[in-house]
Each structure stands twice: as C-alpha cells, then as structure tokens.
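Each remark here refers to the structure printed beneath this line.
The values are calculated or read from the model by the stated rules, or taken from the named source; none is laboratory data. Model, not experiment: these values are computed from the prediction. Cβ placement follows ideal geometry from the backbone for every residue including glycine, while neighbour counts extend to all protein chains displayed. Quick note on the areas: whole protein, heavy atoms, side chains included, nothing else; ligands and nucleic acids left out. Shrake-Rupley method; radii C 1.70, N 1.55, O 1.52, S 1.80 Å.
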Amino acid sequence: SIKAIESSSKEDDTTWLTYWVVYGVFSVAEFFSDIFLYWFPFYYAGKCMFLVWCMAPVSWNGSQVLYQNVIRPCFLRHHQTVDNVLGNLSTKA
C-alpha cells in the first residue's frame, strides 16, 4: 500500500490506501499494548472515535495527518532497508 501511495500515478484509491496503512500500523501497535490499554476506561469508545476520525471525508482526517507527519517520514528513512530485507527473503524462499 505504501508503494502504491508513493507511485507517480495518483488515483482515488490513495485515500483508502492511506487509511489502510494507518490502520495497519495502529493494529500492530495495539496488539502489543492492548493488555495495558484494556484497563483504561472508555478505551474502546476512544478507539472507535479514532477510527472514525481516520475515515472522515475531510482533508484533515486522521489518516492523512498521521501518514504525512509520522508514517511517511519513517518509511522514507528506512524504505531501502525494508526493500533489501524483502528481496533477500524472496530469494531464499
């Protein structure tokens, strides 16, 4: 999805690909922190509000904000390493 977002041909799928990238990162982070977050009151209500904000049909929705300010800079710093690791894994497989 990140490769599709960063490709030169932009289409309507960019919005949803951005959402799915943000949702994937959120799901991985939640997997490791869920045992602690479970105890916070209104955690699931907050999670629902966060996901609605990420899907909101406005220019400042959560997916765009988080992708542009957090995920994209991290990806651009490390994308060559990720590509090398995935290339090595595909040749070994």
When every residue in segment 49-93 that is open to solvent by 80 Å² or more (accessible area, probe 1.4 Å) and of a type in the set (D, E, K, R) is compared, the one farthest from residue 19 (Cα to Cα) is 92
Being of a type in the set (Ser, Thr, Tyr) and modelled with pLDDT of 90 or more is the filter here, so list the residues in segment 35-73 that pass it. 63, 67
Tally of residues being closer than 24 Å to residue 61 by Cα and either open to solvent by 100 Å² or more (accessible area, probe 1.4 Å) or touching a residue at least 40 places away in the same chain (Cβ under 8 Å) (or both) across segment 28-48: 3
Wholly within segment 1-64, which helices (runs of 4 or more DSSP H) include no fewer than the required count, namely at least 2 residues that are more than 22 Å from residue 76 (Cα to Cα) and not aromatic (Phe, Trp, Tyr)? 13-37, 43-55
